[in-house]
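What follows is a short report on a single structure.
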Amino acid sequence: MRKIVSTLFVSLDGVVEAPDQWSLSYWNDELEHAVGDGMADADAMLLGRVTYEGFAEAWPGRTDDPGAEFMNNVPKYVASTRLTETAWNNTTLLRGDLREAIAELKSTDGGDIMTSGSTTLVQWLLAHGLVDELTLLQYPVVVGKGRRLFPDNGARLGFRLAGSRAFGNGVLRLVYRPAAD
């Protein structure tokens, strides 16, 4: 059975919104390798509509970026009730019961199914116990405002730390798996 691995950039104060506005100054070879390792283990992406639309606008024209080949060629599955069609290479809209569609996708042969960004989708996946691994790249910056992965009135979720690494720039890679009840 395949795993859903959700990877998010998060600030010290828990903000996951608009990491392009606060994370880029920390980007270095260590982070590039960490993100690349996640891509190497995945052979599919699961995206929410907003992230899909942003990626579909940004990635198709890129060829010199280290992640471009992966992003443009990997099979992408989009959870959306609004989209009726997709134009980006290798994209499938998930229709009907989302939980059933994701369970079917996880039951197929293959590598990890990676989410990147897609906060609303990841929140839904977490609430439904569908995330097998949560990788947080925690940046040493307080953003002050913005959407957080875990809302103030959210459900209690238990995790166990499965791995961690500190990078020279102060970013932490924290890998969590759901804790057994």
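Scanning the range 102-155 for residues that are touching a helix residue (DSSP H, G or I) at 6+ places or on another chain (Cβ under 7 Å), assigned to a loop (DSSP other than H, G, I, E, B), within 19 Å of Met71 (Cα to Cα) and not polar (S, T, N, Q) yields a count of 2.
Applying the selection to the range 156-167, what residues are in a loop (DSSP other than H, G, I, E, B) and surrounded by 12 or more Cβ atoms within 10 Å (Cβ to Cβ)? Show your work before the answer.
In the first step, residues of the range 156-167 are kept if they are in a loop (DSSP other than H, G, I, E, B); the result is 156-158, 167.
Once the filter is applied, which keeps residues that are in a loop (DSSP other than H, G, I, E, B) and surrounded by 12 or more Cβ atoms within 10 Å (Cβ to Cβ), the range 156-167 yields Leu157, Phe167.
Among the residues of the range 7-37, those that are of a type in the set (S, T, N, Q) and in a strand (DSSP E or B) comprise Thr7, Ser11. All of Arg49, Arg82 fail the test of being touching a helix residue (DSSP H, G or I) at 6+ places or on another chain (Cβ under 9 Å), on the phi < 0 side of the Ramachandran plot and either of a type in the set (Ser, Thr, Tyr) or surrounded by fewer than 16 Cβ atoms within 10 Å (Cβ to Cβ) (or both), apart from Arg82. Scanning the range 91-107 for residues that are closer than 11 Å to Ala79 by Cα and aliphatic (A, V, I, L, M), we see that the one that is nearest to the chain's Cα centre (by Cα) is Ile102. Among the conditions (1) at pLDDT below 90; (2) on the phi < 0 side of the Ramachandran plot, the only one that Thr91 does not satisfy is (1).
The values are calculated or read from the model by the stated rules, or taken from the named source; none is laboratory data. In this text, all values refer to a predicted model and were calculated from it rather than measured experimentally. Virtual Cβ from ideal backbone geometry, glycine too; neighbours counted across all protein chains shown.
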